[in-house]
Amino acid sequence: MNLCDIETIRAVLGRHGFHFSKSLGQNFLTDITVPERIAEMSGAREAGNVVEVGPGMGCLTAELCRRAEHVVSVELDRALLPVLAETMAEFDNFEVVQGDVLALDLAALCREKFGEGRAVACANLPYYITTPAITALMESGAFEHITVMVQKEVAERICAAPGTSAYSAFSIYVQYHAKAEILFDVPADCFVPRPKVDSAVLKLTPLAQPAVETRDEKLFFALVRAAFNMRRKTLVNALGPVLASAMSKEEIVSLVEAAGLDARIRGERLSLADYAKLADLASEKLN
Ligand code: SAM
């Protein structure tokens, strides 16, 4: 059964009286080459175990089952369980866990299902939980690779370089913990119902050590957040809320200059290494 064929999708969903839920971010793929490529590039074959988020009707799930030993898919919508029972019937290496991926302990799920085995995560993510889902998948520490389809703009934001308009606090968070790359774009026409925006497949490979070394990780991210909360302001002014209780404005200027930066620079131009240097110097002053 081609689970991306529009007539098949209509027939199967019609048999089960299923209606798409916009609020659950339900846009199903209609081009079989897309889930084939995602599954092939996800590392599922090499790792053997996969956690999928949001199987929907199972088009990506089936491609993962063809390549991996064990696929566990987390689906929130109970109405899709009978659909998956039909579409996944030929696979004995598939199981579904009904629930909200954001409420699950993903590390515990992997231990329970795969023991000490290697695992990857893979998903065509529902748009409304993109950021928290990526954060939860990364923070679980359970996956060698996390390959997710997201809005193209979000993928670009995550991979963005300093000084670009897409560069954000979330770019820095992800790039601190993982290697991030866009594998390929997927136009909105490849889905039913058709979403308003194009998508892209993003592959995150968590790093053994953070991308930059910093003495005080909490302070590093506090500075990043402060800088991007007021990204139109200079870094010196934006850092005020975090540092002003301990330092005068002149001292903040000296700190920024000691990090090798121009006092008029904006936070959006700093690399991860710049933030690490700044945080280390600030932590010396604060302690
Ligand atoms: N994998 C299918 C595909 O590619 O055609 C469907 C992807 S669709 C974009 C997102 C799926 O995630 C839907 O099946 C939706 O019901 C499910 N979903 C939405 N919120 C979820 C949540 N919090 N936890 C787990 N699954 C969720």
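All of the numbers you see were taken from the coordinates with simple rules; none came from a lab. All values derive from a computational prediction rather than experimental measurement. All Cβ positions, glycine included, derive from the backbone under ideal geometry; neighbour counts span all protein chains shown.
The angle separating the long axis of helix 6-15 from the principal Cα axis of greatest extent in the chain is about 70 degrees. Each part gets one Cα centre, and for region 93-166 versus region 260-287 those centres are 30 Å apart. For region 172-237, a/c is not less than 1.5, where a ≥ b ≥ c are the root eigenvalues of the C-alpha gyration tensor, and a/b does not top b/c. That puts it in the oblate class.
Charged neighbours of R269, selected by a Cβ distance under 13 Å, balance to +2 (K, R count +1; D, E count -1).
Put simply, the Cα atoms of the chain extend 70, 41, 27 Å along their principal axes, the longest span coming first. When shorter helices are ignored and each DSSP H run of at least 4 residues is given -39500 (n - 2.57), the per-residue value for the chain at 222 nm works out to -11500 deg cm²/dmol. Taking every alpha-carbon pair under 8 Å whose residues sit at least 6 apart, region 162-261 reaches a relative contact order of 21 percent.
The radius of gyration of the Cα set in region 1-156, together with its Dmax, comes out at 14.4, 41 angstrom. Here the extension length gained between A258 and Q98 equals 52.3 nm, from 0.36 nm per residue of separation less the Cα-Cα distance. Under the combined filter of DSSP loop state and at most 13 neighbouring Cβ atoms within 10 Å, region 248-287 retains these trypsin sites (Lys or Arg not before Pro): R264.
Taking only Cα atoms, what is the 0 to 90° angle, nearest 10, from helix 249-258's long axis to the longest principal axis of the chain? Its long axis makes an angle of about 70 degrees. Qualifying chymotrypsin sites (Phe, Trp or Tyr not before Pro) in region 197-230, where qualification requires a DSSP coil assignment and no more than 14 other C-beta atoms within 10 Å, are lacking entirely. Taking GluC sites (Glu not before Pro) across region 6-72, the ones in a DSSP loop with at most 14 further Cβ atoms lying within 10 angstrom of their Cβ are E69.
Relative contact order of the chain: 15 percent, from C-alpha pairs under 8 Å at least 6 residues apart in sequence.
Placing +1 on the Cβ of every Lys and Arg and -1 on the Cβ of every Asp and Glu, with no other charges, gives the chain a dipole of roughly 960 debye about its Cα centre.
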